[in-house]
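Encoded as structure tokens, the structure appears first; notes follow it.
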Amino acid sequence: MNKKANKKLKQKPRTDAVHPVLRVHKHHLIVKIVEIALFFVLFVCAASLAKAAPINSENLELLINQERSQRGIAALKINQELNQAAYNKSLDMMSKNYFDHYAFGRTPWNFITEQGYDYLYAGENLAMDFQTAEGTVAAWMNSPSHRRNILNSDFSETGIGIVKGEYSDASGIRETQIVTNMFATEKPAVIKFFDTIISGIKSIF
């Protein structure tokens, strides 16, 4: 065997030695892909948890005002009279097993005025069987009439009433929670003044 042939034989192991290096790179790539996949799963789970706020007044108010703020509409302020009106409406629906704006001869406005709130504008949103605040507000925003209430610049105050309990309908009895969201703007003092005068005149005649 000549020197050239011998030299070629000695070079062959070098070519074979490249393979383990390739296997190391492939293994490293697989590990990285798995790490990225795990990170993505954790990120999605964390994002889902972050968007799963419980249904309470604070979370609903925050989400509703975020929708208004994104469109340059002034935030709604919580009013305790409206809070009580909303709670009474939710309690009435739960105890009497109905889910409607008008029932048993009563309107949403009855619940508001019973709390001594003299409104200029008023509106009402209802929700039932939702598990998260985000789901509740998203459903309202996907409904034209409910969306109009949320984004109505004539409203300046809000009240939220949540009642949990057993609700019975055609499908049976189930544990659920009913949400009432009242929107309103109170009459200015000058309008209240003229209303008082008009009421006084009417009482005379």
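Odds and ends about this structure:
- Which listed pairs, of 77/187; 89/202; 164/187; 77/202, have C-alpha distances above 24 Å, in listed order: 89/202; 164/187; 77/202
- Theoretical gain in end-to-end length, residue 148 to residue 58 [0.36 nm per residue, Cα-Cα removed]: 30.3 nm
- The stretch between residue 129 and residue 202 holds 21.6 nm of extra length on full extension. This uses 0.36 nm per residue minus the Cα-Cα distance.
- Positive-end residue of 72, 105, 91, charge dipole of the range 44-129 with Cβ unit charges: 72
- Sorting 140, 109 by accessible area puts them as 109, 140; the probe is 1.4 Å, largest comes first, and only protein heavy atoms count.
- Computed on protein heavy atoms with a 1.4 Å probe, the accessible areas place 164, 96 in the order 164, 96, largest first.
- Portion, in percent, of the accessible area of the range 58-204 that falls on carbon or sulfur, probe 1.4 Å: 54 percent
- The accessible-area ordering, largest first, of the residues 95, 156 stands as 95, 156, per a 1.4 angstrom probe.
- Given a 1.4 Å probe and the protein chains as shown, residue 82 ends up with an accessible area of around 0 Å².
- Residue 130 - accessible surface, heavy atoms, 1.4 Å probe, Å² rounded to 10: 70 Å²
- Solvent accessible area, Å² - residue 121, 1.4 Å probe, full protein context: 100 Å²
The values are calculated or read from the model by the stated rules, or taken from the named source; none is laboratory data. Keep in mind the model is a prediction, meaning the values are calculated, not measured. Note that we place each Cβ from the backbone using ideal geometry, even for glycine, and neighbour counts take in every protein chain shown. Keep in mind that these areas ignore ligands, DNA and RNA; they rest on the heavy atoms of the full protein, side chains included. Shrake-Rupley method; radii C 1.70, N 1.55, O 1.52, S 1.80 Å.
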